[in-house]
Amino acid sequence: MGSRFNQRDQKRKVNKIYNIAITIVSILIVIVAVTIFLSDDGTESKKATTEPKQISDEKQGKVVDKPAGKEEETDSEKEEAEEDGKATEEDTESEDGTDTEKAGDAKLVEVEGSGDGNVAATYTSEGWKPVGTKQSGEHTTSFQKGSVDWNEMSKAIAFGAGIDEGSMKLWWLQNGGSPNTAIGTVSEGASPKTFRVHIEWVDGSGWKPVKVEELKTNDKR
């Protein structure tokens, strides 16, 4: 009897120890699980809290993550802005240069005049080209009104003055001091502005403006 009682008592003790051990292990498992869960939840919460700040920083320009296409677009805009700036500078230089004017498609550059007191300004241009000719062979200047040479001289004078030939008034046309030069005094319509245009003959190409003088008054009226 005593031996059986002792065996039962020992079994009870062993079972009690097992139960305590199992309880402890279960508690540890629960604690670990709760810790992991809380840790994950804390990470997600921190991430959620950080993302708005990241977005805010991006809005403030602290974080710059631009797509490649946006960068290319920005570079293109910069190039266009630089080109516009250069064009503006060129326009400003042209506007500021008091010795430059525009007549027709040719840019006129003011040069030193002949000293004539009736001349307000004297211009020349590299853009002036011969106006062409229907004549062939040796050229002879003709001051006969309505002749081919007269008409071609009139065309070259209008070109030099920057005036439409149809509205140009030719007040005077004379020899320029040599066989293949001429000078015409013209104005446009009812405009009081008068020009004295110097032209010269270019073999095979026709008459070409070489100098334009803007007159203070029309001395051929």
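The values are calculated or read from the model by the stated rules, or taken from the named source; none is laboratory data. Worth saying up front: this structure is predicted, and the values here are computed from it rather than measured. Cβ coordinates were reconstructed from backbone atoms using ideal geometry, including for glycine residues, and neighbour counts include every protein chain displayed. Ligands, DNA and RNA are excluded from the accessible area calculation, which covers all protein heavy atoms including side chains. Shrake-Rupley method; radii C 1.70, N 1.55, O 1.52, S 1.80 Å.
So which residues in the stretch 201-221 are over 15 Å from Gly127 (Cα atoms), in a strand (DSSP E or B) and not aliphatic (A, V, I, L, M)?
Of everything in the stretch 201-221, those that are over 15 Å from Gly127 (Cα atoms), in a strand (DSSP E or B) and not aliphatic (A, V, I, L, M) turn out to be Trp201, Gly206, Glu213, Glu214.
Filter the stretch 167-192 down to residues that are more than 39 Å from the chain's Cα centre (by Cα), more than 18 Å from Thr122 (Cα to Cα) and either of a type in the set (S, T, N, Q) or surrounded by 22 or more Cβ atoms within 10 Å (Cβ to Cβ) (or both), then give me how many there are.
Adding up the residues that qualify gives 4.
In the stretch 125-166, what residues are within 22 Å of Thr217 (Cβ to Cβ) and open to solvent by 20 Å² or more (accessible area, probe 1.4 Å)?
Looking only at the stretch 125-166, we keep the residues that are within 22 Å of Thr217 (Cβ to Cβ), and these are 157-158, 160-163.
Within the stretch 125-166, just Gly162 meets the criteria.
What pairs come out if I take residues in the stretch 154-165 that are farther than 21 Å from Pro192 by Cβ and pair them with residues that are open to solvent by 80 Å² or more (accessible area, probe 1.4 Å) whose C-beta lies under 8 Å away, six or more apart or interchain?
Lys155/Glu165
Filter the stretch 82-102 down to the residues that are open to solvent by less than 80 Å² (accessible area, probe 1.4 Å), modelled with pLDDT under 50 and of a type outside the set (Asp, Glu) and list them by number.
Thr92, Ser94, Gly97, Thr100
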